[in-house]
């Protein structure tokens, strides 16, 4: 069977969420869809768990941009889907991906959080508005792209943060329309729970500003992890 779609998930110490991630994938996978995990040096049993269940794993140095790009180098599909470990779909996203990529070269899904918190709903609304009107997507929205266009863009840069924002900006600078799938992708609100919704949102906005102003990655990381 020829692989049509390659799903790439970077992981680092994700043992708590992995069983749910895999269970969801098993519900919608097809024979022409491959799943590739790229481990950035996990020490919590993530690698052992994936090996035990015979999933394809690539070992990599830590850094989401680098991990994702390493996954692409091993991908067989002509179409790529990049997910976070806590993303999931209610229905198979393949048909929507192929539909969008028949009309464009890159796209992402509408975002929904697992939480019913009204603040989270507002954040999701903002993300979906940004995708539709500003043509910018972040990794938790499940960026999908034709492999040849990904290569034309130069792929994900080896950045520890902002690799998704960077790819979106480079694509937009080429005048390429970011397709918005009508299907929702769901993600957990764990990063907002850890440090608070407002604080996390403000830090993310400030990091985007710093990135656009060509601030050093060290400074951006200090803000993000503070």
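Here are the numbers for this structure:
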| item | result |
| --- | --- |
| Hydrodynamic radius of the chain per Kirkwood, over alpha carbon pairs, in Å | 17.8 |
| Potential extension, residue 27-residue 213 segment - 0.36 nm per residue separation minus Cα distance | 62.7 nm |
| Pairwise centroid distance, computed over Cα atoms, of the range 76-147 with the range 209-224, Å | 24 |
| Gain on full stretching of the segment that runs from residue 92 to residue 149 - 0.36 nm per residue minus C-alpha separation | 18.2 nm |
| Inter-part distance where the range 40-66 and the range 4-33 are each reduced to a Cα centre, Å | 12 |
| Within the chain, percent of DSSP bridges classed antiparallel, to nearest 5 | 25 |
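Only the coordinates and a few stated rules stand behind these numbers; no lab work does. These figures come from a predicted structure and were not determined experimentally.
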